[in-house]
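The structure appears below as structure tokens.
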Amino acid sequence: MSATVTLVMIVVVWRQRTELAASLQLLFTASHDDFLAAIPFVCAGIMCAALAYKLLAFRDLPYRELLVVELAAGAINRLVPSGLGGLGLHGLYLHKHRHTAAQATVVATVNNLLGGIVHFCLLAVLLLLYPHSMSQFHLGWSKYMGWVLLGFTLLAVGVSQFKTVRAVVGRFLRQVLRSLRQYYKRQLGMLLAAISLLVLTTLNVVVFWLATRTMGLQIAFATLLLIYTAGVALGAAMPTPGGLGGVEAGLLAGLTTAGADSEAALAAALAFRFVTFWFPLLLGLPCLWYIRRRNLI
């Protein structure tokens with residue numbers, strides 16, 4: 001499966017090599033003053049993610065350690081497909097800090113579930129408040145729609161693995177039910193964790209907005225949130241580390257559908273992924289070495 005996806009990605013990138021070169025030129029020649037402001041937002045997002053785990057944990061955990069673990073998990077997520085590495089790293093850390101294996105699974109499950117709920121609630125509220133944001137989309141075929149075909153290819157591969165997916169989903173739903181029962185008496189902690197994850201999502205979209213602004217694009221915040229959601233969803237379905245390729249394809253398709261110039265759209269997507277994918281990877285690798293050395297996992 002991974003080999004098939006990799007082959008498709010290579011073919012798509014090769015076919016769009018001229019446009020990719022033009023986008024890279026735009027990316028490197030654009031003024032980066034505004035985009036440098038994205039780095040503090042990325043760091044603040046990491047802090048929010050660590051805080052959410054602290055609030056959801058069944059034991060009191062040192063926040064500084066959680067920050068280091070979150071950075072290390074970010075690096076692992078960019079090395080292992082579909083975020084499995086990050087989930088495993090958080091689970092190992094929680095188990096090391098007097099959580100049973102079941103409790104560690106519950107914390108990770110609720111964190112992901114809560115993050116998804118908050119994300120889509122924010123999206124629904126913004127679309128209700130700004131319904132005109134949908135009017136920015138103009139469907140049509142463009143020279144970059146090959147990236148969209150990549151998404152459909154991945155979907156087809158996923159359908160072929162339906163039985164496996166159904167089994168995974170079944171286990172996930174059973175874990176969710178157990179999680180909800182255990183958190184019934186911890187509503188305040190869940191509320192605060194939800195707020196932290198809400199801030200995290202908002203910060204990610206702000207970074208995306210800065211990336212588009214740097215490339216000269218003027219797109220409404222609600223529209224960018226919708227595009228970001230599509231990119232994250234496609235990246236989650238991508239059997240590659242950190243959704244590499246899928247997130248870029250979703251962001252690119254969304255931006256071009258919203259009327260953005262294809263070269264500027266690709267440059268904005270690459271800029272966003274640089275600061276949210278490669279930057280945390282560089283920060284996280286030393287943290288991964290540190291937590292292994294300190295026997296935190």
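Listed values, structure above:
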| item | result |
| --- | --- |
| Set LEU188, LEU177, LEU113, LEU198: member being farther than 30 Å from PHE35 by Cα, of a type outside the set (Asp, Glu) and modelled with pLDDT of 85 or more | LEU188 |
| Check on LEU7, in a helix (DSSP H, G or I), farther than 16 Å from PHE274 by Cβ and either of a type in the set (Val, Ile, Thr) or modelled with pLDDT of 55 or more (or both) | no |
| Positions within region 251-297 being small (Gly, Ala, Ser) and in a helix (DSSP H, G or I), in sequence order | ALA253, GLY254, SER262, ALA264, ALA265, ALA267, ALA268, ALA269, ALA271, GLY284 |
| Pair list, Cβ under 6 Å, 6 or more apart: region 38-63 residue outside any helix (DSSP H, G or I), other residue polar (S, T, N, Q) | PHE58/GLN103 |
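The values are calculated or read from the model by the stated rules, or taken from the named source; none is laboratory data. Every value quoted in this text rests on a predicted model; they were computed, and no experiment measured them. With ideal geometry, Cβ positions are generated from the backbone for all residues, glycine too; neighbour counts draw on all protein chains shown.
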